[in-house]
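Every number here is computed from the coordinates shown, using simple stated rules; none is lab data. Since the structure is predicted, the reported quantities are computational estimates derived from the model, not experimental observations. Quick reminder, even Gly has a Cβ in these numbers, built from the backbone with ideal geometry, and neighbours come from all protein chains shown.
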Amino acid sequence: MKKFVGLLLVCFILVSAAHGDEAGIKEKYQKTMEDLVFFKDALLDYLIDHKNAPKVKSMAELVQVDVGNGLSFTVFYLEQIPDDQVPLLDAWGNEFLYKYRGKEFQIASAGSDGKFEGFDQTGVYTDTEENLEGKDIIISNNGFLLLPLNEAQCRSLREFLEEAVIGLLQAY
């Protein structure tokens, strides 16, 4: 269910981007979210192979992790992207943040103001220009934990979740 909701959220975001949302800060949030999904997918592959998230303190350390046979995380899990092209920074030039605990990991962007509020944040917020200013984005094994959605996406998500809850209640 978590993967489905995460996939649904990414689909909503991509659809809204295709419909020409306001440029500027929204485009930077979109680019940053795409990069976070890119790293999440690579880390999930790593988890399958190694049973735990990489035990590093930063994204810069992550891409250098030796995964065996002299191969780095970048070469093996990031589709052989040259080291100088791996997106270690968000769209505002801030380093992505990384946290792990056993099999769980989180990757975050401190958003447009570069001030990270912590890995304990969760939820969604509307993506109006004034509301996006300074908002963080966090992704984990299971998808986004904190992300922006436009008002239509928030309504659609709310309706979907209400229907899902009603369906679950009726099933029991």
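Quick notes on this structure:
- Taking a straight line from the alpha carbon of residue 103, these lysines sit under 19 Å away, with near neighbours fewer than eight places off in the same chain left out: 2, 3, 40, 51, 55, 57.
- Ranking of 105, 76 by neighbouring Cβ atoms within 10 Å, starting from the fewest: 76, 105.
- Cβ crowding within 10 Å, taken as a proxy for footprinting-reagent exposure, orders 59, 33 from fewest neighbours to most as 59, 33.
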